[in-house]
Amino acid sequence: MGRKFPPLTYTQADADGLMLLEPAPRTVRGARDLLSVALQYGNAFGVGLQAAALKPADYFGNEDVLYLMEDMATGEIRLSILWEWLHKNATLTAADEQAGVKAGDRFTPELCKQLLAEEYEKLLKASNRDVHDSSKNTTLPIARQIVETYVMDDVKLPWYVDLLNINLDNHDLTEAKRRIRLLADAFRKDGTRITQNLDFDAQRAKAQ
């Protein structure tokens, strides 16, 4: 019959437990790496790659640090970790002189936005070998908007891939912002999850 599972409970302790953070290192260096690889994966997906060889931007050109083959799950996990840090009032476990933070300081939205902007600038300045030049004014800005929306939104959106899917083949940042807001508003309203690429529906309608 298989093993028995304990019954679900809905106590205040259960609710409080949802706001707990795993005891683990939380550093500015770690946040940078999470943001950089999430940006790069979103950019890769936007140009049609389901998986891509990526590494943190500070290690581009350093052959002692290997690229890792990253897929959707790792992109999803990276943004989920950052959302948890931000919305569960995580404190940093180590100081970072460059960012001007001390151990015990809160990981704030302001710090997260600062790090996102800095990591994005590194990708814009990267060589074509590490970040395709053709993506720097097309899919990379959209990847940044997706990362910022996912991490900053008070409501944790269900899947990173949904935000990527609705922008597949779209290279216009203004249109991307509209689509992202459409997805976020639908989920916030009643839990509706938009999973399809919006262009596919338009193409199907034209074909009919």
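The values are calculated or read from the model by the stated rules, or taken from the named source; none is laboratory data. Note that the coordinates shown come from a computational prediction; the quantities given were computed from them, not determined experimentally. Cβ coordinates were reconstructed from backbone atoms using ideal geometry, including for glycine residues, and neighbour counts include every protein chain displayed. The accessibility values were calculated without ligands, DNA or RNA, using every heavy atom of the protein model including side chains. Shrake-Rupley method; radii C 1.70, N 1.55, O 1.52, S 1.80 Å.
Side notes on the structure shown:
- Residues that are of a type outside the set (A, V, I, L, M) and either touching a Gly at 6+ places or on another chain (Cβ under 9 Å) or closer than 17 Å to LEU123 by Cα (or both) within the range 44-69 comprise PHE45, GLY46, LYS55, PRO56, ASP58, TYR59, PHE60, GLY61, ASN62, TYR67, listed in sequence order.
- Which numbered condition GLU119 misses (of (1) assigned to a helix (DSSP H, G or I); (2) more than 21 Å from ARG32 (Cβ to Cβ)): (2)
- Within the range 57-79, if we keep just the residues that are surrounded by 17 or more Cβ atoms within 10 Å (Cβ to Cβ) and of a type in the set (Gly, Ala, Ser), the residue that is farthest from PHE45 (Cα to Cα) turns out to be ALA57.
- Residues of the range 147-186 satisfying the condition of being without any contact (Cβ under 8 Å) to a residue 24 or more places away in the chain and of a type in the set (Asp, Glu): ASP172, GLU175, ASP185
Table: residues versus (1) modelled with pLDDT under 95; (2) touching a Leu at 6+ places or on another chain (Cβ under 6 Å); (3) within 22 Å of ALA52 (Cα to Cα).
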| residue | (1), (2), (3) |
| --- | --- |
| ALA95 | no, no, no |
| GLN98 | yes, no, no |
| ASP105 | no, yes, no |
| GLU110 | no, no, no |
| LYS113 | no, no, no |
| ASN137 | no, no, yes |
| GLN145 | no, no, yes |
| TRP159 | yes, no, yes |
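- Subset of the range 87-117 (residues that are surrounded by fewer than 14 Cβ atoms within 10 Å (Cβ to Cβ), over 22 Å from the mean Cα position of the chain (by Cα) and within 18 Å of LEU21 (Cα to Cα)): ALA103, GLY104
- Failed criterion for GLY2 (all others in (1) open to solvent by less than 70 Å² (accessible area, probe 1.4 Å); (2) closer than 28 Å to GLY100 by Cβ; (3) more than 17 Å from the chain's Cα centre (by Cα) hold): (2)
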